[in-house]
Amino acid sequence: MRAAGRIVSVNGPVLRASGMREFSMREMVHAGKLSLLGEIIRLDGDEAVIQVFEETAGLRTGEPVVGAGAPLSMSLGPGLLGSIFDGIGRPLRKLLEKEGSFVSRGVNIPQLDPDASWDVTPLGKVGDVVTGGTPIATVRETSLVEHRILTPPGVEGEILSILPAGFHRGSETVARLRDGRGRERVVPMISSWPVRTARPVAERLLPDEPLLTGQRVIDGLFPLSKGGVSAIPGGFGTGKTVTQHQLAKWSDAHIVVYIGCGERGNEMTQVLEEFPVLEDPRSGKPLMERTVLIANTSNMPVAAREASIYTGITIAEYYRDMGYDVALMADSTSRWAEALREISGRLGEIPAEEGFPAYLPTRIAEFYERAGKVTTLGGTRGSISIIGAVSPPGGDFTEPVTRHTKRFIRCFWALDQQLARSRHFPAISWTDSYSEYGDEVKTWYEANVDAAWTSLRDRARALLAEDDSIQQIIRLVGEDVLPDDQKLTALTASLLKNGYLQQGAFGPDSYCPPRKGIAILDIMIGFHERAKGMIARGCPLSPLRKMDELVELAHLRELPWDKPEAFDDLKRRLVKRMMEIDRERLATRATGSVRL
Amino acid sequence: MSTEYVGVNSISGPFLMLGGIPHAGYDEIVEVRSQDGTSRTGRVVLVSEKATLVQVFAGTEGLSPAGTSVRFTGRELEIALSPAMLGRTFSGLGEPLDDCGPVLGGVRRPVGGAAINPMGREYPRDFISTGVSSIDVLLTLIRGQKLPIFSGNGLPHNALAVQIATQSKLAGAENFAVVFAGIGIKHDDAAYFRDRLTAGGHGGNLVLFLNLADDPPVERIATPRLALTTAEYLAFDLGMHVLVIMTDMTSYCEALRELSVAKGEVPSRKGYPSYLYSDLASLYERAGVLRNGRGSVTQIPILTMPNDDITHPIPDLTGFITEGQIVLSRDLEARRIYPPVEILPSLSRLMKDGIGKGYTRDDHPNLAGQLFASYSRVHEVRALASVVGADELGKADQASLAFGDAFERGFLSQGAAENREIGQSLDMGWELLSKLPVQELSHLSMEDLERFIKKGSGADDAGAQARP
Ligand SMILES: Nc1ncnc2c1ncn2[C@@H]1O[C@H](COP(=O)(O)OP(=O)(O)OP(=O)(O)O)[C@@H](O)[C@H]1O
Ligand SMILES: [Mg+2]
């Protein structure tokens, strides 16, 4: 506790206080008799401007403001996984136990439980020299994840003492070090990091390995890299949250940090109820064991909404530093930008576009730049992939947040209102979306999934593009007048849309192994090429279109991948049937010419 | 702590400006007394050492700077809650409008409402049968959901809201209540709701809060909060299942804009304050089911879309917060189809977890998906038919047109008092789909095709049509 100032004005989440000369910028404070948490965002002589992370009703002028002596920070240590925190890192499970169903104000609870007991295995011994970022002990955090206690960045030295193997409490010191200048340093089990400061890394690497998502349209057409950044914009109800949930469930990251930023309470509850019973498709363990949730719902205070993004990314960096691949979902970054706008408005700052402050693009860039594939200080590889939802007003992608976000991301999954309305899900537009990672990850895909990955992907995208112009003609004059080769393109495109791109999130098709996706694509493109050849030789399209095998092909995604033979079987039958049609045609043409 | 200050510095719009008042609380409620002794309620919206800004709910008409006195109560806006509220009618500020006097006993709660801890929620899964086919099958309402009606002036949103409220399978239950918040509504509409909702002896389960069109707009800020605080009390203290109807949210947002402009705040889209999203969320998020509670709060807010524009900030921000929306269509209404639910832009986000096996019927999810997809194709075919003529269409397109008409006339359309069982509605859906070629039914599984789509029902001969 330190010096105290006094509240001189209250305007929504923004306070002014005087007598603040000894406080520092970005310092946390406790404001008023209710001891509400806030952060200093401007200092001007004796006066400070404070944004308050809790509802300010009832605050009075003259009440005290007390400094906490540290900036807004997140506790880092075992116990993060499986937990849910609010925007400033308060544990919501503990808060529920202590305060009941409604979030109350001015509550002081440690972010991580200092009394929880953990099974610690030391990695070094007395006399070893360790540097910042190297693991010094491991903790079995969940059955899925081994937690590595790292020497904090900037700390190094010779180990003077280290905990013996066995159970220890979160509040304990794991090791004591003596640094080069003879000072004693400690490595705590639970450390703390200021959330607005990025954790350091040794080197940034090219993100050349895909983050597999089990979503066909993503893995097949618009892939994301481990360490990549992607935005998913769309009007209300187009599928941002469902897509983010899908990625949180099925992507092959080691750790998932899910930030509900200014969105619905029920969506967080859904994750809390579902993830503990859903199995990770790779390990068979409950998905909750690799997940951390940050929830600042739309009715929680806006300043904490602004902070939630940083709390989340700090946790992500912490696990990255252990050498893990982390996927971070932020739903929605627009609400974060709007929180910035609201605070900025209350400060009377001069707005740039649509009321947003001029520093909006800088803040967006700073956030996305905390992603990446890196060599950690400890010398291992780790990555953070960010998937940010954007909620443009009226679904209009030209608004500032979408526009600026596009400058700093490399993968864009545009959600299309029209597709969503006709219940084509995921409503990721194949015309407006792009991924710059396609070229970076193709070597990996060709080596690990299918050698034809690139060519199938290119072919499918070309077909869909061709189909878009054909559809414009169809809308004007109908399909009947088109030549057969164009009808065929439309037919294959419709197969692709119905049987490949669409993927229901709530049934057995929710997760599609990359090989299965490619197998479906392969049969569809194979059908197209063969049919195209037949049409060029004068065969009409109608007998091909009536094949029962095509109905089966459109439903192929329903088959589980545990029997890949079924896919080969359909492929064989389809080819056989097409060859028969070709022969029948030749035969009738032959008999026809006899009659002539 | 109730100090009274005589005289104010200035009066402007709905605001009184006082000098710095030591210990004035942000959001505190004050009692404003005019020189003739009548009193009204106000709220502190800005405090600083030099000035205190008070917003007067009933407006500042008739107040004079010298003759006005202000008493600080030290409390936020509160409401007295008790089971005796059931069957009562209150003003938009919570004063009794009937002759039964004030609500006695019970508890007092601030109307602001704290956020529900997401950890304390239970994910809503219980299906509410409304007896309306389009809603039950395609936009299923779930207990604890917030599902607004996006309407326009002159559309039958009131009739639909009443039909839902009275036919809900919850309605029969003893522990069911309706809380109605009329926000800037016409006298006729208020009378309509009161009559219909009390018909059939449900009057004892109804609480009305009425801020009418000619009541002070500033009061509208309070009305939905009073209603929701009451609903939370009935649900989470008394264990009732509460349906909250709030209408018209457009009037609420306009009142908010009026205040914001009067305060001189920097406006955002269309002059609405930049905190409109957060403000609406502070209302809509007050729906749900608690893990440690018995009751539930289900919300059906009604809003009229200015110029029928769904991208207008009011419907747009609402859609970003609520769990779906029921959109009414002027075009269907013109063709005398009731309820004129335009299903394609409509959505129920919670339906996925409240339908299917163990909830409604196992065939429900795929059927709904296919009906949406097929009906969306109807619109394309209709557009094409208007260009080339219906006679020029292929067989599959013809089938699609026939499906569209049958869907609108038979499935969407029903009587304002017609209560259809969910099973009946689902069967109607299958009947409609069986008229379409199998190639068109890609949202169904192979298994559904075997089970529900009888072979040879005019489906085989039509060629597959390639269209999204
Ligand atoms: N892959 C999918 N499979 C099935 N249904 C989906 C899929 N994606 C979206 N949906 C449907 O779309 C609805 C809306 O999706 P979602 O809640 O993700 O929208 P959103 O873009 O996050 O909207 P908001 O901005 O309002 O939060 C879902 O409730 C679901 O019915
Ligand atoms: Mg969402």
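Annotations
- Legend: P(r) of the stretch B:79-353 from all alpha carbon pair distances, 5 Å bins from 0, whole percents, reading 1, 6, 13, 18, 20, 18, 13, 7, 3, 0, 0.
- Residues in the stretch A:469-537 average 37 Å² of solvent-accessible surface per residue, probe 1.4 Å, ligands and nucleic acids excluded.
- Cβ neighbours within 10 Å from other chains - mean over A:49-62: 5
- Look at the stretch B:268-279: the mean tally of other chain Cβ atoms within 10 Å of its residues' Cβ atoms is 5.
- Residue (of A:LEU360, A:GLY379, A:LEU415) at the positive-pole extreme of the stretch A:345-451, dipole from beta-carbon charges: A:GLY379
- Separation in nanometres of the label points that stand 7 Å from Cα toward Cβ, at B:ALA402 and A:SER104: 6.7
- Label-to-label distance, A:LEU586 versus A:ARG93, with points set 7 angstrom from Cα along the beta-carbon direction: 6.9 nm.
- Sulfur and carbon atoms: percent of accessible area, the protein assembly as shown [1.4 Å]: 52
- Dipole in debye (nearest 20) - the protein assembly as shown, about Cα centre, beta carbon charges: Lys, Arg +1; Asp, Glu -1: 1240
- Dipole of the protein assembly as shown, positive direction: furthest Cα of A:ILE470, A:ALA68, B:ALA115, with charges on the beta-carbon: A:ALA68
- Taken about its Cα centre, the stretch A:203-433 carries a charge dipole of roughly 180 debye when the Cβ of each Lys and Arg holds +1 and the Cβ of each Asp and Glu holds -1.
- Sites A:ASP46 and B:TYR5, calculated FRET efficiency, Cβ-Cβ separation with R0 22 Å, nearest 0.05: 0.20
- Figure note: A:TRP413, A:TRP193 ranked by solvent-accessible area, largest first, 1.4 Å probe, ligands and nucleic acids not counted: A:TRP193, A:TRP413.
- Note on the stretch A:46-110 and the stretch B:325-339: Cα centroid distance 48 Å, given to the nearest whole angstrom.
- Cα gyration tensor shape for chain B, rounded if a/c is under 1.5, else prolate or oblate: prolate
- Burial of accessible area (probe 1.4 Å, heavy atoms of protein chains only) in the stretch A:238-283, relative to its chain alone, reaches at least 10 Å² for A:GLU263, A:ARG264, A:GLY265, A:ASN266, A:THR269, A:GLN270, A:LEU272, A:GLU273, A:GLU274.
- A 1.4 Å probe run over chain B, with the rest of the protein chains in place, finds 35 Å² accessible per residue.
- Compared with the alpha-carbon gap, the fully stretched path from B:GLN424 to B:ARG336 is longer by 29.4 nm at 0.36 nm per residue.
- Within the shell defined by Cβ-Cβ distances under 9 Å, the residues around A:PRO514 carry a net charge of +1, with Lys and Arg each +1 and Asp and Glu each -1.
- Area accessible to solvent at B:TYR252, 1.4 Å probe radius, in Å²: 0
- Mean residue ellipticity (222 nm) of chain B, computed from DSSP H runs ≥ 4 via -39,500 (n - 2.57), nearest 500: -8500 deg cm²/dmol
- Cα gyration tensor shape of the stretch B:364-465, rounded if a/c is under 1.5, else prolate or oblate by comparing a/b with b/c: oblate
- Distant-in-sequence amide H partners of A:THR138 (H built 1.01 Å from N, under 5 Å): A:THR121, A:LEU123, A:ILE149
- Around B:ALA190: net Lys/Arg minus Asp/Glu count, Cβ-Cβ under 12 Å: -3
- For the pair A:THR375 and A:VAL129, label points projected 7 Å from Cα toward Cβ lie 1.9 nm apart.
- Cβ-based charge dipole, the stretch A:113-189, positive-most Cα from A:ILE149, A:VAL186, A:TRP118: A:VAL186
- Ranking by accessible area, most exposed first, for A:PHE53, B:PHE452 with a 1.4 Å probe: B:PHE452, A:PHE53
- Cα gyration tensor, the protein assembly as shown - rounded (a/c under 1.5), prolate or oblate: oblate
- Helix A:302-321 vs. chain A, principal-axis angle (Cα, 0 to 90°, nearest 10): 80
- Cβ-placed point charges (K, R +1; D, E -1), dipole of the stretch A:2-71 about Cα centre in debye, nearest 20: 100
- Between the stretch A:131-146 and the stretch A:205-239, the alpha-carbon center distance in angstrom: 28
- Cα-based reach from A:LYS33 at 22 Å (exclusive), listing lysines while leaving out same-chain residues under 8 positions away: A:LYS98, B:LYS50
- Ligands, DNA and RNA aside, A:TYR500 has an accessible area near 10 Å² when probed at 1.4 Å.
- Cα-based Rg of the stretch B:233-330 normalised by 2.2 N^0.38 Å, two decimals: 1.22
- Taking 28 Å as the straight-line reach from the Cα of B:LYS435, the lysines in range (excluding those fewer than 8 positions away in the same chain) are A:LYS487, A:LYS497, A:LYS546, B:LYS352, B:LYS357, B:LYS395, B:LYS454, B:LYS455.
- Taking both sides together, the accessible area buried where A meets B is about 6900 Å² for a 1.4 Å probe.
- FRET efficiency, 1/(1 + (r/R0)^6) with R0 45 Å, evaluated for A:GLU274 and A:LYS532 via beta carbons: 0.55
- Take each residue of peptide B:23-30, count the partner chain Cβ atoms within 10 Å of its Cβ, and average: the result is 5.
- 0 to 90° range, to nearest 10: angle between helix A:438-448 axis and chain A longest Cα axis: 70
- Hydrophobic, long helices, defined as DSSP H runs whose alpha-carbon span along the helix axis is 18 Å or greater and whose mean Kyte-Doolittle value is at least -1.0, occur in chain B at B:249-263, B:364-388.
The values are calculated or read from the model by the stated rules, or taken from the named source; none is laboratory data. What you see is a predicted model, and the numbers here were worked out from it, not measured in a lab. With ideal geometry, Cβ positions are generated from the backbone for all residues, glycine too; neighbour counts draw on all protein chains shown. Areas reflect the complete protein model, heavy atoms only, side chains present, ligands, DNA and RNA absent. Shrake-Rupley method; radii C 1.70, N 1.55, O 1.52, S 1.80 Å.
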